[in-house]
Each structure stands twice: as structure tokens, then as C-alpha cells.
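Before any comments, here is the structure.
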Amino acid sequence: MNATANATTPDGRVLESFRQGRWRPSLDTIALPGATGTAPGAALALVPEIVAAADRRWWDTTGRRRLTGFPRETRRTLLLRALDLFDGGTVTIGGLGAQSAEEFRTALWDVAGLPAPLVDRWCALLRARLLGPRATAPPDDALALVSLPGNTFTCLESVLGEAERSGAVWIRPSRREPLSAARLLAALLAVGWPPERLGLYPAQPATLHRLITLTDRQTVYGGAEVATSVRASATLTLHGPGRACALLPGHLRGAAAADWLLPLVAGDSGRFCTNVRTVVCTDPAEEAAEETAGALAAALDAIGPYPADPALPLAATRDHRATDRAVRSVQERLRPGDRVVTRRPPTADSPAGDRYPLPRLVLAGGRVTGSRDVPPLAGHETPFPFAVVVRATQAGAAAVAERALFVHRPDPSRTA
């Protein structure tokens, strides 16, 4: 049993799991982070391995047999209705009761430090992705697992995809932010989604490996630690670290470059895998990178943590120790000649006691000429806006891009 077992909010509410077609409590719970410690869902029911194994046997002997015709067209209609509820309606969540859209946003702020403008944007992105092109794989009766990260609930897109395709989908929510996954499941139930086709399995990290073996198909999100701990298999899709870079062509520099780079570095509070972590300047002039780094640093320093900037809102942190580790991870990777060019301290506390990790920018010393010269900070991911500006030859730029999963290039008209 977890060391924080039976932790609850002062009013006794615990966010429950959803198993075998209904919400269920657990003897094993864990406290969630929170600004006040009184947020709905400040305790989370955990599903032990032995219980998950029993649920797999239930699926094989009972759940799968309950499946009836559920055409893709019906599923798509219900998914869209569920997203309407997820964004703006009231749903009933096991252990928490009825939750309005306003209460959802309040809870996300308290537990995860997500400001309302960011929640609104991510809800819109989730809907846009559902309305966009979808996978054409025919529906099957597989039991699918989606293991979510704590960074952003837009990864619920994978839940929508597996719900549309699979016999059933088990969701392993982040223990740092399980509220969005629970709300989406409750919204699906509210619009008539068959309950035996859904599961919510909050679990300790070690249990993830057991959930993988218990399911037929898996989608797993996570950082470097998860990526190295999960074994590759034909049924598993791993969404690990993003490592995104931006390539600046010869004459894009200074304020013009910063204008293009700012939303790529700081958009979505720096939490997407597509956020730029490495800016590559190929202009041979030494001052080009200096000008670009200076202009971008000034723009990053101008983003206000509170109240939230409506264009580039920053998220607060509820785990101060994890934030301190993330801030130190930048400092520890600095080499002689590297300079932090943003001027503010790494964190800021609001008058209400909220802590924000502030955007940081580093200008790397030297010039990258090949794969051996790529600095340790290139591609380094943090839960806040961060990037390193590097000077590079064309061969060096190619070496950085080869290591990146996402490569951003400006519109050619910017280089004119």
C-alpha cells in the first residue's frame, strides 16, 4: 500500500477509479498536489496490479461478451457530444460528484497550476484534432491502454482515437493531473458510451509495466525515464521526449527572428513536445546569434506569470521540489562559455503563493560543426519554456536537426 494511503480531502472526497463498468473506491490512495490542499480530487484511488489482472480476466469472460454493434459513425457522434460536455458542461465523476466547467477549470488550476486561458486553448485543440483527419483502421475488439503524461491533456486525443477504434480503452491518467482524464470518461458515460468499453486505472509507475502486459495495444506518453523503462513491442506506441529545434537561415536574426521564435518556445507554457528547445543560427557572423538571443530573451522576460498573459499564459507548479530539479537540470548542463541570457530569476512566487518557473534562454558558446559538438542542452526538455541558442555551420545544423523529432523552419519570405 502506498505510504499516503487513505489520504483524503477535508470533506472526504477521493477521485475513484472506473473498473468493470462502474466507479469504484480503493484502499490504496495517494494525495495530489494542490495550492490549498482542498481541491476536489486532492486524493486519488490507485489500482493495484492484482486488481488490474482480475479486471483483464473479467474482460475476457464477461466484458467482451457484452459488446454489441457500435458503428464508427455512432462513435464519432458520441465523441463530439462528449467533448462539448468536457469543455462546457456538467458531468458526474465518481467520488467527486457533479462538476461544472467552471469547477473543472478551478480544480485544474489548484491541482496542476493550469490557468483558464490555457485550458480553453487545449480544449479547442482537442476538438480540432477530433474533427481533423482520423485513422482509418477498422474497429476491433482489442483492449487498448493509453498511459497519459502530466504535461497536457491534449494527449487525450489518443484516448479518443482508441475509443473510436477499440473494443475498450483503459486510461492510466497522470497522478499529477488525473482530473482531465476522469472528466473525459465521465463525459463519455453521460452521452451514452457503453461503460464496459471504458476504464480509468490510476496506478503507481511500476504498475504501468503490468498494465502493458495485460492489454492488447498500448499508447504510452512520457519523458526520458519512461522512454528508457518501456520495452519496445509491436503493439506499443511510445510518445517520448520531443526534441524540437528551429533552424534560422542565413539572414534571419535579431527582432525578426525573435518574433517568429517566441510562440514556438513559450506557447502552451512550453509543455508540448513540439515546443522549440534548440535554436540554430547558421549566419556566419558572430554577432547574429547574440542579436537573436538578446531579442528573444527580452521577449521571454516580458511574459508575465500573473495575471496570466492571454497570448502566452504560463503554468504554475504545485511540486516545488520537481520544479527546483528541473531548474537545476539547466544549470548542471551549462558548459564553459555558455551564458543564461534571460535576466529574471528562474522562479517567481505570486502574492497568492503560487510558484512559476519562468522562461529561460541560454546562448551556447562555440560553434557546432558536427554531431560531436552538439551541446548537452540541445533538445533538453523542461516543464516550462526553455531553449538554447547555438551557432552552427551547415553541417552542424544538420547534426542538430538529425537528433530532433520536430524541425521548425520559417516561411521563406522572412529571409528576404
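The values are calculated or read from the model by the stated rules, or taken from the named source; none is laboratory data. All values reported here derive from a predicted model rather than from experimental measurement. Quick reminder, even Gly has a Cβ in these numbers, built from the backbone with ideal geometry, and neighbours come from all protein chains shown.
Quick rundown of the values:
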item: Residue within region 4-19 that is over 23 Å from residue 123 (Cβ atoms), modelled with pLDDT of 95 or more and among the hydroxyl-bearing types (Ser, Thr, Tyr) present; result: yes
item: Residues satisfying the stated conditions in region 289-325, i.e. among the acidic types (Asp, Glu) and more than 21 Å from residue 272 (Cβ to Cβ); result: 290, 291, 301, 324
item: Test set (1) surrounded by fewer than 15 Cβ atoms within 10 Å (Cβ to Cβ); (2) in contact (Cβ under 8 Å) with a residue 24 or more places away in the chain - residue 77 fails condition number; result: (2)
item: Spans of helices (runs of 4 or more DSSP H) in region 175-271 with at least 2 residues over 27 Å from residue 116 (Cα atoms) and outside the structural domain of residue 380 (by TED's automatic domain parsing); result: 205-214, 224-229
item: Hey, residue 128 small (Gly, Ala, Ser) and either surrounded by 15 or more Cβ atoms within 10 Å (Cβ to Cβ) or not in a loop (DSSP other than H, G, I, E, B) (or both) or not; result: yes
item: Pair list, Cβ under 9 Å, 6 or more apart: region 385-396 residue in contact (Cβ under 8 Å) with a residue 12 or more places away in the chain and surrounded by fewer than 24 Cβ atoms within 10 Å (Cβ to Cβ), other residue of a type in the set (Gly, Ala, Ser) and part of a loop (DSSP other than H, G, I, E, B); result: 393/370; 395/370; 396/370
item: Residue match in region 357-367 (condition: more than 27 Å from residue 252 (Cβ to Cβ), in contact with a helix residue (DSSP H, G or I) (Cβ under 9 Å, 6 or more places away or on another chain), modelled with pLDDT of 95 or more and crowded, with 20+ Cβ neighbours inside 10 Å); result: yes
item: Only one of 22, 57 that is without any contact (Cβ under 8 Å) to a residue 12 or more places away in the chain, of a type in the set (Lys, Arg) and either within 19 Å of residue 199 (Cα to Cα) or not assigned by TED's automatic domain parsing to the domain that holds residue 182 (or both); result: 57
item: Candidate set from region 269-328 (those that are among the polar types (S, T, N, Q) and within 19 Å of residue 110 (Cα to Cα)); member that is farthest from the chain's Cα centre (by Cα); result: 323
item: Selected residue (only one of 237, 207 is at pLDDT below 95, over 30 Å from residue 391 (Cα atoms) and buried (at least 18 other Cβ atoms within 10 Å of the Cβ)); result: 207
item: Flag if residue 112 is among the hydrophobic types (A, V, I, L, M, F, W, C), closer than 23 Å to residue 175 by Cα, touching a residue at least 24 places away in the same chain (Cβ under 8 Å) and out of contact with any Asp or Glu (no Cβ under 9 Å at 6 or more places or on another chain); result: no
item: Region 135-173, residues that are under 13 Å from the mean Cα position of the chain (by Cα) and either part of a loop (DSSP other than H, G, I, E, B) or not β-branched (Val, Ile, Thr) (or both); result: 147, 148, 149, 150, 151, 152, 153, 155, 156, 157, 158, 173
item: Check on residue 107, in a helix (DSSP H, G or I), modelled with pLDDT under 95 and in contact with a helix residue (DSSP H, G or I) (Cβ under 6 Å, 6 or more places away or on another chain); result: yes
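Residue-wise test of (1) outside any strand (DSSP E or B); (2) of a type outside the set (A, V, I, L, M); (3) modelled with pLDDT of 95 or more; (4) out of contact with any Asp or Glu (no Cβ under 7 Å at 6 or more places or on another chain).
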residue: 322; (1), (2), (3), (4): yes, no, no, yes
residue: 342; (1), (2), (3), (4): yes, yes, yes, no
residue: 345; (1), (2), (3), (4): yes, yes, yes, yes
residue: 381; (1), (2), (3), (4): yes, yes, no, yes
residue: 397; (1), (2), (3), (4): yes, no, yes, yes
residue: 400; (1), (2), (3), (4): yes, no, yes, yes
residue: 413; (1), (2), (3), (4): yes, yes, no, yes
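Table: residues versus (1) under 26 Å from residue 173 (Cβ atoms); (2) surrounded by fewer than 20 Cβ atoms within 10 Å (Cβ to Cβ); (3) of a type in the set (Phe, Trp, Tyr).
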position: 225; (1), (2), (3): yes, yes, no
position: 241; (1), (2), (3): yes, yes, no
position: 254; (1), (2), (3): no, yes, no
position: 261; (1), (2), (3): no, no, no
position: 287; (1), (2), (3): no, yes, no
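Let's see how each residue does on (1) charged (D, E, K, R); (2) outside the structural domain of residue 195 (by TED's automatic domain parsing); (3) under 21 Å from residue 190 (Cα atoms):
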{"residue": "82", "(1), (2), (3)": "no, no, yes"}
{"residue": "116", "(1), (2), (3)": "no, no, no"}
{"residue": "125", "(1), (2), (3)": "no, no, no"}
{"residue": "145", "(1), (2), (3)": "no, no, no"}
{"residue": "157", "(1), (2), (3)": "yes, no, yes"}
{"residue": "164", "(1), (2), (3)": "yes, no, yes"}
